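The values are calculated or read from the model by the stated rules, or taken from the named source; none is laboratory data. No experiment lies behind these values; they were computed from the predicted model shown. For neighbour counting, all protein chains shown are included, and Cβ atoms are generated from backbone atoms with ideal geometry for every residue, glycine included. Just so you know, the surface numbers come from the protein's heavy atoms only, side chains and all, with ligands and any DNA or RNA stripped out. Shrake-Rupley method; radii C 1.70, N 1.55, O 1.52, S 1.80 Å.
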Amino acid sequence: MIRDALLDDVPALVALETRCFETDRLSARSFRRFLSKGKATLLVDTDGAALNAYALVLFHPNTSLARLYSLAVDPDKRGRGLARALLLQAGQRALDHGATRMRLEVHQNNVAAQSLYQELGYRAFAVHPDYYEDHASAVRMEKHLAPHLADDLNQVPYYAQTLNFTCGPACLIMAMKAQATDLAINRQLAPPMWREAPTMCLPAGAGGPGAFCPALPPVRA
């Protein structure tokens, strides 16, 4: 049975965390904070008094983004579809909360988990190096929970900002790549965009560009 976790579940959650993970474990204090702050959903699968699995989803204020922060299934209870059921329920809870996208990080060596996420519609969009305590990388994945509302977004490639002050150009590069799939995207594109934007908005070239300035160079072109 899947239900919302209670503060009384914290000892069982910590015990499950210990059985499932050797590093990067959530503490009892962390579980209590997530349960009491109200910016998270913590679902558990139970069988009588036994707590078999949990899924923890965090919500970002003022955005439509949710994050699957942690998922754990008792090693003795794996292979029964518990993770799949929790993921589906977590996605529905996130959608009910107003989120349209769910993101997560998964250990680079956890091939089974990555395969499950892919089966459920998640796609890899980045790799975060040295993410875990064992210095392994994390594969970042995302799923559109309401694709009928944002179908076009599935075609937008991800480009991470690699230079200071180039968040605007990074967003613009992604938009350009979506429109011109043969465009080679790299960090060399960002500095000219950044320089041209404040120059167009501020003829003296001093200060930072306003919110609409990064859009002017491609419009002029």
**Prompt:** Which of the residues spanning the stretch 35-68 are under 21 Å from the mean Cα position of the chain (by Cα), of a type outside the set (Gly, Ala, Ser) and buried (at least 18 other Cβ atoms within 10 Å of the Cβ)?
**Reply:** Leu35, Thr41, Leu42, Leu43, Val44, Tyr54, Leu56, Val57, Leu58, Phe59, Arg67, Leu68
**Asked** What is the residue count in the stretch 73-124 for residues that are in contact with a Ser or Thr (Cβ under 6 Å, 6 or more places away or on another chain) and open to solvent by 60 Å² or more (accessible area, probe 1.4 Å)?
**Response** 2
